[in-house]
1. Within the range 77-97, can you find the residues that are open to solvent by less than 20 Å² (accessible area, probe 1.4 Å) and in a helix (DSSP H, G or I)?
2. Name every residue in the range 17-31 that is touching a residue at least 24 places away in the same chain (Cβ under 8 Å) and β-branched (Val, Ile, Thr), in order of residue number.
3. Go through the range 129-159 residue by residue and tally those that are at pLDDT 90 or above, under 30 Å from PHE39 (Cα atoms) and open to solvent by 30 Å² or more (accessible area, probe 1.4 Å).
4. Condition test on GLY126, is it out of contact with any strand residue (DSSP E or B) (no Cβ under 8 Å at 6 or more places or on another chain), open to solvent by less than 60 Å² (accessible area, probe 1.4 Å) and modelled with pLDDT of 80 or more?
5. Cβ contacts < 9 Å: first residue touching a residue at least 40 places away in the same chain (Cβ under 8 Å), restricted to the range 1-16; second residue exposed (fewer than 13 other Cβ atoms within 10 Å of the Cβ), any location; separation 6+ or different chain. Result?
6. I'd like to check something: does the range 90-106 contain any residue that is free of Cβ contacts under 8 Å to residues at least 40 places away in the same chain and aromatic (Phe, Trp, Tyr)?
7. Check whether at least one residue in the range 187-201 is at pLDDT 80 or above, more than 30 Å from ILE12 (Cβ to Cβ) and part of a loop (DSSP other than H, G, I, E, B), and report yes or no.
8. Determine which single condition ILE111 fails, assuming it passes every other condition in (1) in a helix (DSSP H, G or I); (2) surrounded by fewer than 18 Cβ atoms within 10 Å (Cβ to Cβ).
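The values are calculated or read from the model by the stated rules, or taken from the named source; none is laboratory data. Predicted model, so just to flag it, every value in this text is computed and none were measured. Because the Cβ atoms are built from the backbone with ideal geometry, glycine has one as well, and the counts that use them run over all protein chains shown. Remember, those area values only see protein heavy atoms, side chains included, never the ligands or the DNA or RNA. Shrake-Rupley method; radii C 1.70, N 1.55, O 1.52, S 1.80 Å.
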Amino acid sequence: MKNRHIKLLGIIFFILLADQVLKIWVKTSFSLGDEIVVFKNWFILHFVENNGMAFGFEFAGEYGKMILSIFRIVAVIAIGWYLFKLAKNKAIPFGFLASIALIFSGAIGNIIDSLFYGMIFNHSYGQIADIFPDGGGYSSFLHGRVVDMFYFPILQFQIPEWFPVRGGTDFIFFRPVFNIADSSITVGIFSILLFYRKQFNNETEEENEAETEELTDSESANRSESDIDTSDGTN
């Protein structure tokens with residue numbers, strides 16, 4: 001059992017380390033919009049920041065950002081508790097636990113940006129940011145921006161003019177820019193959907209069976225007490 005916990009901690013540590021090392025390198029080496037073409041025009045390191053969720057989606061407003069950050073913290077605590085609770089059960093496949101660990105570590109990776117990056121970096125608009133700058137960071141606790149850099153515009157073309165709604169516009173696949181944490185969350189979710197969906201059904205069935213047994217035991221105990229009371233009254 002300890003071996004499973006060590007492996008899960010290893011997965012979480014590796015994802016967090018890789019995610020944060022790459023983000024800090026990009027943040028301290030690029031200004032916003034800078035990019036490096038890694039492979040033709042298919043794989044580009046392109047530095048962007050976002051205030052919201054995975055793959056650059058936004059959550060509007062200052063209070064929206066704070067609410068999102070708090071929600072992430074609560075969600076991560078719940079996922080972590082669920083993961084290490086399941087890890088104690090030897091009947092749970094390790095692949096299922098590893099998938100949850102990927103989601104857990106990815107969520108933590110982006111939370112670190114939201115919680116601390118605003119305090120430890122200055123802004124990246126037209127300049128390369130410094131870590132722990134003399135004048136302080138660009139924002140406050142819970143208001144940091146998530147660093148993204150992976151961009152894969154594998155397929156690019158212009159949609160024909162005759163095409164409804166989007167005619168004449170440029171089409172790019174894959175347009176969103178993301179990071180290692182986003183990838184970890186996505187791989188974890190798809191692994192569960194493809195290989196371990198039945199595991200959730202099994203967990204639900206086991207919980208229902210446990211509740212049924214508790215109710216049965218409780219009813220039996222109540223009947224026994226009722227029989228004793230009746231016997232005492234008869235005597």
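1. Across the range 77-97, the qualifying residues are GLY80, LEU83, LEU86, PHE96, LEU97.
2. ILE24, VAL26, THR28, listed by residue number.
3. 6
4. Numbers: out of contact with any strand residue (DSSP E or B) (no Cβ under 8 Å at 6 or more places or on another chain): yes; open to solvent by less than 60 Å² (accessible area, probe 1.4 Å): no; modelled with pLDDT of 80 or more: yes.
When the stated conditions are applied, GLY126 does not pass them.
5. Sorted first by the residue in the range 1-16, then by its partner, the pairs are MET1/LYS88; MET1/LYS90; ARG4/LYS88; ARG4/LYS90; HIS5/LYS88.
6. no
7. The answer is no, given that none of the residues of the range 187-201 is at pLDDT 80 or above, more than 30 Å from ILE12 (Cβ to Cβ) and part of a loop (DSSP other than H, G, I, E, B).
8. (2)
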